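Since every read-out is calculated from the coordinates, none of them should be taken as a lab result. Fair warning: this is a prediction, and the values are worked out from it, not measured in the lab. FYI the Cβ positions are ideal-geometry reconstructions off the backbone, even for glycines, and counts take in every protein chain you see.
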Amino acid sequence: MTKENDTKRAILQKGLEMASHLSLEALTIGLLAKEMNISKSGLFAHFKSKENLQLEILDYAAQHFTREVILPVLKAERGIPRIRAIVENWIKWGSKFKGGCIFVTATTEFNDRPGNIQNKLFDQQKQWVRVLRRIGESAIKAGDIKLESDCEQFAYDLYSLVLGHYYYSQLIEDPKIEQYKEKSLNQFLKTYSN
């Protein structure tokens, strides 16, 4: 690992944290350079444009999401244990950032703005939905989910459950939020379980 790679990784980590809090669009090379205590030209040399910085932050976030959410889940037993693990890991990942999950905030921010960033976000979300669908398929094979289950609907419902939790926890301070999430997850599992 070179010093340049270490520096770039540190910049991307700080950029991810800042974009989560400020928004991906509000993050500028100047703000990030100031936060990193390096010159704007030094930071610019790593990315060449604000858009490249934003795209690399999204790639960096996706790598971390894969490492911290998806890969540990694949070690869990197929079926309901894996479904519970994906929900817990996903919520835990989003809550570790001051501003919440960057994919949620950035998708909202760039939803009506065609271009490379929107394309990247949409592609990342499509990949994530495929992972959720495969978790449903593996739960069917494990015998925990009904054979006739529609895995597209399963992915939609699971995605919606976690996004609902995310928005509710961001907007409404309620000490019972974990109880609500657990009740919703149990209802979700009851709907699909054998």
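Can you go through ALA33, ALA19 and tell me which one is surrounded by 15 or more Cβ atoms within 10 Å (Cβ to Cβ) and farther than 22 Å from ARG113 by Cα? Of ALA33, ALA19, the one residue that is surrounded by 15 or more Cβ atoms within 10 Å (Cβ to Cβ) and farther than 22 Å from ARG113 by Cα is ALA33.
Comparison of ALA33, ALA76 shows that the only residue that is over 30 Å from LYS141 (Cα atoms), among the hydrophobic types (A, V, I, L, M, F, W, C) and free of Cβ contacts under 8 Å to residues at least 60 places away in the same chain is ALA33. Which residue is surrounded by the most Cβ atoms within 10 Å (Cβ to Cβ), if the candidates are limited to region 153-194 and must be of a type in the set (Phe, Trp, Tyr) and touching a strand residue (DSSP E or B) at 6+ places or on another chain (Cβ under 8 Å)? Per the stated criteria, the residue is PHE154. The criterion of at least 1 residues that are of a type outside the set (Gly, Ala, Ser), more than 16 Å from LEU58 (Cα to Cα) and over 19 Å from the mean Cα position of the chain (by Cα) is met by the following helices (runs of 4 or more DSSP H) wholly inside region 98-194: 116-141, 151-171, 177-192. Close contacts from region 151-173, counting a first residue that is touching a residue at least 60 places away in the same chain (Cβ under 8 Å) and closer than 19 Å to ARG133 by Cβ and a second that is in a helix (DSSP H, G or I) and β-branched (Val, Ile, Thr), with Cβ to Cβ under 7 Å and a gap of 6+ residues or different chains, come to VAL162/VAL87; VAL162/ILE91.
Looking at the structure I just gave you, is ILE117 closer than 18 Å to ALA19 by Cβ, surrounded by 13 or more Cβ atoms within 10 Å (Cβ to Cβ) and out of contact with any strand residue (DSSP E or B) (no Cβ under 6 Å at 6 or more places or on another chain)? Here the answer is yes, as ILE117 does meet what is asked.
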